[in-house]
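The values are calculated or read from the model by the stated rules, or taken from the named source; none is laboratory data. None of the values given here were measured: they were computed from a predicted structure. All Cβ positions, glycine included, derive from the backbone under ideal geometry; neighbour counts span all protein chains shown.
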Amino acid sequence: MKYSLLATLAVAVSSLVALSLPAPAQTPVDITLADATTRLVWENSSEGWRLREVAALSSRGPLAPGTPSGRYTILYSDTAPDPRSLGPALGSFYDLAAEPRNPHLEKNWARATDAVALNVAGEARSFFPHAAERQPDGSWEFRHADDVAEVRARWSLDPQFAGDIRVTFTLTAKRAGFYSVASPALTNLPAADLAWALVPGYFQGDSFEKNLLLSYGYGQGLPDLPVVVRERSASTLASIASAHSGATLAVIAEPGTGADPWANDRDTRAVWKLGLSHMNRAGKLSPTLYNPVLGEAGSQLAPGESHTFRFRYTVRAADWFVVYQHVAEDIYRLPQSLALREPRQALTERVRAQHRYVTDDTTSLWRVEDFDGLRIGAQSYFGTVCRSAGARGFDQKLRLWRDVDARPGHRRLATLPRPPAVCA
């Protein structure tokens with residue numbers, strides 16, 4: 001009787017303990033982040049957590065801004081990347097003897113064609129995260145680790161702006177070396193489905209241009225290489241792509257990510273903290289940001305040190321300009337910054353000054369030439385523009401644009417090239 005009573009009590013206590021212990025967490029089959037404008041769905045595949053759906057929601061139904069991916073990439077190098085240019089040299093695009101050599105232009109072009117800028121530096125570690133966990137605030141944290149680093153990426157919807165997904169990406173180094181975090185590839189957009197893509201301030205287009213000087217140097221079409229450009233010449237810190245489906249995808253750096261161009265009362269535009277590209281490292285059309293930039297400020301980490309990169313995606317059933325306006329006005333608050341500015345010269349006086357400049361040939365350096373039956377005008381000056389110096393340079397520039405116009409189906413985006421942003 002005594003032993004029977006003890007046994008009954010033991011069973012009762014065991015039952016109470018079992019009830020008080022939390023149930024083991026179950027790994028979900030799918031993960032969904034969605035609001036009235038956007039839907040992202042991950043599936044737990046044999047490779048890890050990958051995106052099965054990326055959709056902009058509209059009255060016409062879900063619109064895809066490309067083929068879903070969700071692949072992560074980090075760059076690693078145990079030594080600082082080699083700063084030497086990998087080419088192509090400027091001389092491969094035109095006859096350098098046609099005008100005086102411009103050391104400034106050649107130096108900056110060489111810097112814009114080194115291993116980091118051409119996106120071939122370091123070792124690319126690509127993966128789908130192996131673990132996912134829902135957080136108390138409703139966000140989802142994806143985790144992955146290998147022999148080089150451990151990463152945690154927390155994804156959440158922005159309650160203020162429908163269609164925006166915020167990401168906080170933290171990398172913790174396991175090895176000493178140089179690191180760069182790429183924003184995960186939300187989608188890969190086939191060239192045939194591209195309506196328009198741009199890195200504001202650098203290049204834009206609806207097709208790829210194989211002439212690197214035209215695309216990378218002068219912004220006429222999209223480079224056919226996954227080049228990484230600096231934040232200092234970007235008019236907005238975002239990379240944007242629109243698909244023929246009617247959906248647009250943008251990846252946007254959170255304010256404060258890019259380098260301060262005037263820190264501590266001095267020119268700090270040479271500091272490079274944020275890289276922007278229209279492609280991912282694998283060369284697929286996929287808006288991508290890099291922070292830090294491999295070999296640049298903040299990229300060298302010791303074992304145990306961490307770096308956090310904050311950015312967001314915008315997925316909307318709208319064209320590229322609507323999304324671009326959202327980035328400039330809502331995220332970077334351009335109207336508020338303009339309200340803080342105090343003009344020191346009347347608008348009418350600024351317009352008059354411009355009028356005086358362009359109507360005086362001694363200041364505007366305006367020239368009109370007849371070339372192959374075409375009457376064309378342009379500014380002739382000795383600046384950082386290839387083929388800008390002298391009559392032979394002017395003639396070469398005209399030939400360059402005649403060749404571009406002769407290509408079947410090619411749409412010229414500007415009359416004459418502007419100074420290259422990559423050489424600024």
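Numerical summary
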item	result
Within the range 77-97, tally of residues that are under 20 Å from residue 225 (Cα atoms) and buried (at least 17 other Cβ atoms within 10 Å of the Cβ)	4
Qualifying residue in the range 293-302 (condition: over 22 Å from the mean Cα position of the chain (by Cα) and closer than 26 Å to residue 73 by Cβ)	yes
Which listed residue, of 381, 290, 357, is modelled with pLDDT of 95 or more and either of a type in the set (Phe, Trp, Tyr) or not in a loop (DSSP other than H, G, I, E, B) (or both)	290
Which listed residue, of 392, 418, is outside any helix (DSSP H, G or I) and at pLDDT below 85	418
Residue within the range 103-112 that is of a type in the set (A, V, I, L, M) and within 19 Å of the chain's Cα centre (by Cα) present	yes
Some residue of the range 151-161 being among the small types (Gly, Ala, Ser) and more than 28 Å from residue 328 (Cα to Cα)	no
Residue check, residue 155 of a type outside the set (S, T, N, Q), within 20 Å of residue 246 (Cα to Cα), assigned by TED's automatic domain parsing to the domain that holds residue 297 and in contact (Cβ under 8 Å) with a residue 12 or more places away in the chain	no
